[in-house]
There are 2 protein chains.
Amino acid sequence: MSYFENFMKANQAYVDLHGTAHLPIKPKTKVAIVTCMDSRLHVAQALGLALGDAHILRNAGGRVTEDVIRSLVISQQQLGTREIVVLHHTDCGAQTFKNEEFAAYLQQELGVDVSNQDFLPFRDAEESVREDMELLRQSPLIPADVEISGAVYDVDTGRMTVVE
Amino acid sequence: MSYFENFMKANQAYVDLHGTAHLPIKPKTKVAIVTCMDSRLHVAQALGLALGDAHILRNAGGRVTEDVIRSLVISQQQLGTREIVVLHHTDCGAQTFKNEEFAAYLQQELGVDVSNQDFLPFRDAEESVREDMELLRQSPLIPADVEISGAVYDVDTGRMTVVE
């Protein structure tokens, strides 16, 4: 049995709690959060978000990629957000490998040559948050008056620490 | 005041609830969920996920992009996931525009030429889930034995409906 069936069952219980209500498509706080896919970070709970509050973008590492910029442009220009939070975390999977070794492993496991691809690993989470905040500031697709903040989330304690 | 300050305050309360505990870096269910950034979808609650259960990937539309494939390869080959759920939803921001008009608007608003970029809008959420499940099946970077499921989430009721 796949876990998908479990999720569908859990969702039946959620529907009863949810009730029927139409919230606006535009996020109430006008914030988009860029963070990691990590399973130990539940973004809504950790930041106190209610349904309808904020866009949540997640990929491996919480890195600012072309796809994140695509998503933020839609978030801002179609759906009215004006603030971005970059949130990376401790003990991240993006800290467990280097591009060259990972490419060699994938060549062997999957028979695919990805030697020219950057999987965006990093060493230091504060540094990677600063790098990604800078990428946002430099992007011609992100208006200069958009507020950009950064933080690191500790997966053991749930605590966010601001990155200046 | 930015909303970031509110999130930091809410996080202080969350830390007290969280306590200190180290969960494994590898997700317990071995599932990665690919879904939309929409503010009205709280993935953990809607699918009954506990901390540590599953990777959650989110972008505009929940579309399968190069960055999603990058993230899934890390999720699977570094962190042991073996199942993917593609979850799109009703009333999506990716249904509110077309590439050509959006590019013209961005040229005017931001002075940037994005006329050759696909922002990945779609019309029908079931169809876009099927398209993205097919992209995953065709990718040489996703092993053939990875289980792939799809569903559409109703933002008004919280209900997930399976896409075959």
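Counting only protein heavy atoms and a 1.4 Å probe, the protein assembly as shown has 43 square angstrom of accessible area per residue. Karplus-based coupling profile of the range B:25-36, in residue order and whole Hz: 5, 8, x, 4, 7, 6, 10, 10, 9, 10, 8, 8, with θ = phi - 60° in 6.51 cos²θ - 1.76 cosθ + 1.60 and x standing for Gly or Pro.
Placing unit charges on C-beta atoms (Lys and Arg positive, Asp and Glu negative, everything else neutral), compute the dipole magnitude of chain A about its Cα centre in debye, rounded to 20.
Dipole of chain A, to the nearest 20 debye: 720 debye.
Counting from the shortest, the label point at B:Asn99, 7 Å from Cα toward Cβ, is 2.7 nm from the same position in each remaining copy. For the range A:106-141, a drop of 50 Å² or more in accessible area on going from the chain alone to the assembled protein chains (1.4 Å probe) is found at A:Leu110, A:Phe119, A:Leu141. A dipole drawn for the protein assembly as shown from +1 and -1 charges on Cβ atoms has a positive end, and of A:Gly19, B:Leu57, B:Gly158 the residue lying farthest that way is A:Gly19. With all protein chains in place and a 1.4 Å probe, the accessible surface of the range B:71-164 carries 43 percent carbon and sulfur. Using alpha-carbon pairs under 8 Å, 6+ residues apart, how would you state the relative contact order of chain B in percent? Once divided by the residue count of chain B, the mean separation gives 23 percent.
Ranking A:Ala125, A:Ala10, A:Val68 by how far each Cα lies toward the positive end of the dipole of chain A (charges on Cβ) leaves A:Ala10 at the top.
When DSSP beta bridges are restricted to pairs lying wholly in the protein assembly as shown, around 15% turn out antiparallel. Each listed q (0.14, 0.17 Å⁻¹) maps to a log10 I(q)/I(0) for the range A:17-164, found by the Debye formula over equal Cα scatterers with no solvent: -0.73, -0.99. A label point on A:Ser2, set 7 Å along the Cα-to-Cβ line, lies at 4.0 nm from each of its counterparts in the other copies, closest listed first.
Solvent-accessible surface (1.4 Å probe) assigned to B:Glu109 amounts to roughly 100 Å².
When chain A is treated as a GNM with alpha-carbon contacts under 10 Å, the residue of A:Glu147, A:Glu100, A:Glu127 showing the greatest mean-square fluctuation is A:Glu100. Translational diffusion coefficient of the range A:1-56 (Stokes-Einstein, Kirkwood radius from Cα pairs, 4 °C, 1.567 mPa s): 96 µm²/s. Model label points for B:Arg123 and A:Thr90, set 7 angstrom from Cα along the Cα-to-Cβ axis, are 5.1 nm apart. Among the listed pairs A:Lys98/B:Lys26; A:Lys98/B:Lys28; A:Lys28/B:Lys98; A:Lys9/B:Lys28; A:Lys30/B:Lys9, those with a Cα-Cα distance over 20 Å are A:Lys98/B:Lys28; A:Lys28/B:Lys98. Multiplying the residue separation of A:Val162 and A:Arg130 by 0.36 nm and subtracting their alpha-carbon distance yields 10.4 nm. In nanometres and ascending order, the distances from the B:Pro24 label point to those of the other copies are 4.4 (point 7 Å from Cα along Cα→Cβ).
Global dimensions of the range B:87-164 from alpha-carbon coordinates: Rg and Dmax equal 15.7, 47 Å.
D by Stokes-Einstein for the protein assembly as shown, Kirkwood Rh over Cα pairs, 4 °C, 1.567 mPa s: 66 µm²/s.
About its Cα centre, how strong a charge dipole does the protein assembly as shown have in debye, to the nearest 20, once Lys and Arg get +1 and Asp and Glu get -1 at the Cβ?
Details: 28 positive and 48 negative charges, 144 e Å.
Dipole about the Cα centre, nearest 20: 700 debye.
Relative to the Cα centre, the charge distribution of the range B:3-49, modelled as +1 at Lys and Arg Cβ and -1 at Asp and Glu Cβ, gives a dipole magnitude of about 260 debye. The phi torsions of the range B:155-164, fed into the Karplus equation with coefficients 6.51, -1.76 and 1.60 and a -60° offset, translate into couplings of 5, 7, 10, x, 8, 9, 10, 5, 9, 7 Hz, rounded to whole numbers, with Gly and Pro shown as x. Volume per residue of the convex hull around the Cα atoms, evaluated for the range A:80-127, comes out as 127 Å³. Beta bridges from DSSP with both residues in the range A:16-164: antiparallel share about 15 percent, rounded to the nearest 5. Accessible area buried by the pairing of B and A, both sides summed with a 1.4 Å probe, works out to roughly 7700 Å².
The values are calculated or read from the model by the stated rules, or taken from the named source; none is laboratory data. Since the structure is predicted, the reported quantities are computational estimates derived from the model, not experimental observations. With ideal geometry, Cβ positions are generated from the backbone for all residues, glycine too; neighbour counts draw on all protein chains shown. Note: accessible area is taken over every heavy atom of the protein model, side chains too, but ligands, DNA and RNA are not part of it. Shrake-Rupley method; radii C 1.70, N 1.55, O 1.52, S 1.80 Å.
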